[in-house]
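The structure appears right after this line, and notes come after that.
A short reminder: the numbers here are calculations on the coordinates, not readings from a lab. Source: prediction; values computed, not measured. Because the Cβ atoms are built from the backbone with ideal geometry, glycine has one as well, and the counts that use them run over all protein chains shown.
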Amino acid sequence: MPRTIPRVDGDRLLRRLLELGRIGAIEGTTGCCRLALTDADRDGRDLVRARMDELGLDVEVDGIGNVVATMPHPSGRAPVMTGSHIDTVATGGRYDGNLGVLAGLEVIETVMTEGIELARPLAVAWFTDEEGARFAPDMLGSLVYVGGMPIEEALQITDRDGASVGAELDRIGYRGTAPIPGRAPHAFVELHIEQGPVLEDAGLRIGAVEGVQGISWTELTLTGRSCHAGTTPMRLRRDPGVVASRVNLFVRELTGRLGGTQVGTCGVIAPTPNLVNVVPSTVTMTVDLRNTDDAVLTDAEDELAEFVARAAADEGVEVAARSLARFAPVEFDRRVVDLVATVADDHGLDHRRMPSGAGHDAQMFARICPTAMIFTPSVDGISHNVDELTHPADLEAGANVLLDVMLRLAETEFA
Ligand code: HGY
Ligand code: MN
Ligand code: MN
């Protein structure tokens, strides 16, 4: 007797995504801005929390504002957990993170509505500050959940204006009391948009994600001397802007030379006072380096540090470097990756195994339980862009794979 595969309500999922996407909506676009722990993030949290309460889930908020909602179950056994994030970058899309949380909610609503009996409960979570765009590092909430950073340290992290994580959690009313580190789930699986071009270019529907590449974020504060743009001879200048430009060009040359999966980005280049007729006194900039090979990533970091020191010395500029994030590459559990691929096959969805170029909360859960991810295609491979788009059929297909994977994990015992 072939197994009947339950299905999600794709229209309901899409409605929920559009509803959440209206919070922090960026006028004239389909994007949204819900930077971590801002009022918009609070409003998005409140909306998803209300959906969890409507379902009668057991909702817990921990000390860093992570929220875990578990379906009622007589066993009290560790749940199969899914989840992601609902904070966004400042020019975010509707699907990055949000899909994983709302699809998880959709999976649980489907299971409860259809009265599907399970050996253990399912849970869906969102994790604080996954983006790291306001408070570095990224994946902050899930890192704390798995015990990767003491809560005291995380609460003291500040944004560019000096606001701390702890104070902002209090301000939006999301500093909870659930224990940290959090309970290890039986298994963790995250549905996420790919955010790159691989699946779309290959005409595939599902990615069975094998791991996440290494991430290195460095903040550089370059200090020269501000002076008049018209009266100061070039030979007397100590212009941090020139150093920042050389560093940016070096990063592009370095990635070209290293090849492979090496990528590099100078996303923040902020001169002070940022005026047309003033040679900047300081420039604050960031360098984001990533690679699937940790040894090559370390070499890239060393080369960067040497170049920055040389370029600054040439210009008489001082350098202060600060690491904002450093995560080694992560490999997911082969058994869960294989299950994602098997389910994609059973659903008749063309798929491939692949690494993740972006960081995700799942990479933290890989430290404490069998973990993997499911990718759905991104149109034109873009994300962290208001035009981010994943077609409704792919959203629904991804959620159906998530449902089936979670059901099978609930019946799987890992030796
Ligand atoms: O930076 C990242 O990879 C993720 O979007 N936080
Ligand atoms: Mn994300
Ligand atoms: Mn993101």
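Numerical summary
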item	result
Cα-based Rg of the range 168-282 normalised by 2.2 N^0.38 Å, two decimals	1.69
Rounded FRET efficiency, nearest 0.05, which uses the C-beta distance separating ALA295 from ASP338 and R0 of 35 Å	0.80
HIS192, HIS73 arranged by Cβ crowding within 10 Å, fewest neighbours leading	HIS73, HIS192
Fewest-first sequence of CYS32, CYS266 by Cβ atoms within 10 Å of each Cβ	CYS266, CYS32
Normalised per residue, the volume of the convex hull around the Cα set of the range 304-415 (Å³)	163
Mean projection area, nm², convex hull over Cα of the chain	21.2
Farthest positive-ward along the chain dipole, Cα basis, beta-carbon charges - from ALA125, GLY267, HIS85	GLY267
Cα gyration tensor, the range 133-233 - rounded (a/c under 1.5), prolate or oblate	oblate
Computed label-point distance, nm, for sites ARG326 and GLU19 using a 7 Å Cα→Cβ extension	4.4
The chain, relative contact order in percent, only Cα pairs under 8 angstrom and at least six apart counted	24
Nearest-20 debye value, the chain charge dipole, Cβ charges on Lys, Arg, Asp, Glu	640
Value of relative contact order over the range 214-326, rounded to a whole percent, pairs C-alpha under 8 Å and six or more apart	46
Shape call, the range 214-326: gyration tensor on alpha carbons, a/c limit 1.5	prolate
Ranked TYR95, TYR174, TYR145, criterion: other C-beta atoms within 10 Å, fewest first	TYR174, TYR95, TYR145
Approximate spin-label separation ASP346-ARG225, in nm, with each point projected 7 Å along Cα-to-Cβ	7.1
Rounded if a/c under 1.5, otherwise prolate or oblate - the range 1-153, Cα gyration tensor axes	oblate
Extension gain from ALA119 to ARG367, taking 0.36 nm per residue of separation minus the Cα-Cα distance	86.9 nm
Under-5 Å amide H pairs with GLY63, H placed in peptide plane, nonlocal only	GLY176, ALA178
Table column - 3J(HN,Hα) (Hz), the range 365-376, Karplus curve with 6.51, -1.76, 1.60, x for Gly and Pro	5, 4, 6, 10, 6, x, 9, 7, 9, 10, 9, 10
For peptides 150-161, 301-312, sequence by mean Cβ density within 10 Å, most packed first	301-312, 150-161
Ranked packing of 117-126, 82-91, 176-185, most packed first, by mean Cβ within 10 Å	82-91, 117-126, 176-185
Antiparallel content of DSSP bridges confined to the chain, in %, to 5	70
Separation between Cα centres of the range 132-176 and the range 36-60, rounded to whole Å	18
Rounded to the nearest 20 debye, dipole of the range 214-326 from Cβ charges on Lys, Arg, Asp, Glu	500
Listed residue (GLY147, ALA321, LEU14) projecting farthest to the positive dipole end of the chain, Cβ model	ALA321
The range 290-407 - charge dipole about Cα centre, Lys and Arg +1 at Cβ, Asp and Glu -1, debye rounded to 20	400
Low-density loop cleavage sites - chymotrypsin sites (Phe, Trp or Tyr not before Pro) in the range 343-415, where at most 12 other Cβ are within 10 Å (DSSP)	PHE414
Mean Kyte hydropathy of -0.5 or more with a Cα span along the axis of at least 20 Å, helices from DSSP in the chain	98-113, 240-258, 294-315, 392-410
